[in-house]
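What follows is a single structure, written as structure tokens, with notes after it.
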Amino acid sequence: MAKGEGIMLSVHVSSEAILAMTPSQVAELARRLEADAYENAFEGLQDWHMLRALAFRRPELVESYLYLLDLEPYDES
């Protein structure tokens, strides 16, 4: 069985990785997501999870890239 085939892989984004991200690294991450030219779906999913984690923990870094997350506004009322 090939790696990732038939197995649900967990994606974890560490706090250290989030805190270490620079604006240029976030821009590169967004470029990869926009190009969507990954070897496999898990690579894209890992980038998407990183961008999502950044959106919650360091939103100033991802303001220009929120469209890549396709997040719906949430109304708590």
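FYI, it's all coordinate maths here, none of it is from the lab. None of the values given here were measured: they were computed from a predicted structure. Ideal geometry is used to build each Cβ from the backbone, glycine not excepted, and the neighbour counts take in all protein chains shown.
Data overview
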read-out	value
Positive-pole candidate from LEU19, SER64, LEU51, dipole of the range 16-65, charges at beta carbon	LEU19
Simple spin-label estimate for GLU60 and SER15 in nanometres, 7 Å along Cα-Cβ	1.9 nm
Simple Cβ-charge dipole of the range 16-65, Lys/Arg +1 and Asp/Glu -1, about Cα centre, in debye nearest 20	180 debye
